[in-house]
Amino acid sequence: MMRHSNYVFTKGSIVFVKYPPSSPNAFLNGRPLIVVSNPTHILRTLVVCTTGTQDKPGIEASFWNHFDNCYVGDAEVSNIYPYSMLTIYTDKIVSSIGQLDPFIMREVDQAIDFHLGKSDIIPKYLSEQSEYICAVSHNNVQDKYIT
């Protein structure tokens with residue numbers, strides 16, 4: 001059997017899914033999702049990062065829908081949440097609006113590595129809290145334990 005060489009949804013794709021309203025994943029409907037893995041055809045799955053408003057920390061991005069000629073959700077600036085990843089089935093994808101900018105995708109990859117414990121480079125959206133994230137506290141020996 002020959003492998004497929006023309007992937008539809010590759011890493012960096014901005015996709016939309018459709019789940020039934022009763023599904024636990026219905027909150028993903030209408031929300032841009034960023035593909036952060038390569039497709040696995042045997043399992044029909046992709047790993048994606050969720051997106052949302054600027055209320056939560058994340059990486060800023062603008063999701064322009066060229067077909068409708070407007071920003072997705074009328075939000076000129078949205079956030080990508082690299083700490084919120086899910087596995088979705090490719091058959092739930094109903095549309096795509098293109099690829100994420102490669103510079104933003106690099107930031108997403110680096111942030112994912114941090115959140116998965118594969119890197120100690122703190123994402124910029126957490127840099128103000130770095131003293132709490134990386135601080136190591138010590139409890140010094142007390143005199144009563146010294147012989």
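K56 fulfils the conditions (1) without any contact (Cβ under 8 Å) to a residue 60 or more places away in the chain; (2) assigned to a loop (DSSP other than H, G, I, E, B); (3) farther than 20 Å from N25 by Cβ; (4) under 14 Å from the mean Cα position of the chain (by Cα) except for a single criterion, (3). Would you tally the residues in region 1-31 being at pLDDT below 90 and either open to solvent by 70 Å² or more (accessible area, probe 1.4 Å) or aliphatic (A, V, I, L, M) (or both)? Residues meeting the conditions: 8.
So, Y83, is that one open to solvent by 40 Å² or more (accessible area, probe 1.4 Å) and part of a strand (DSSP E or B) or not? Yes, satisfied. Being open to solvent by less than 70 Å² (accessible area, probe 1.4 Å) and either within 20 Å of E107 (Cα to Cα) or of a type in the set (S, T, N, Q) (or both) is the filter here, so list the residues in region 32-48 that pass it. Residues satisfying the conditions are P32, L33, I34, V35, V36, S37, T40, T45, L46, V47, V48.
The values are calculated or read from the model by the stated rules, or taken from the named source; none is laboratory data. Source: prediction; values computed, not measured. Cβ sites come from the backbone with ideal geometry, for glycine too, and all protein chains shown count toward neighbours. When the accessible area is computed, the model is the full protein with side chains, heavy atoms only, and any ligands, DNA or RNA have been set aside. Shrake-Rupley method; radii C 1.70, N 1.55, O 1.52, S 1.80 Å.
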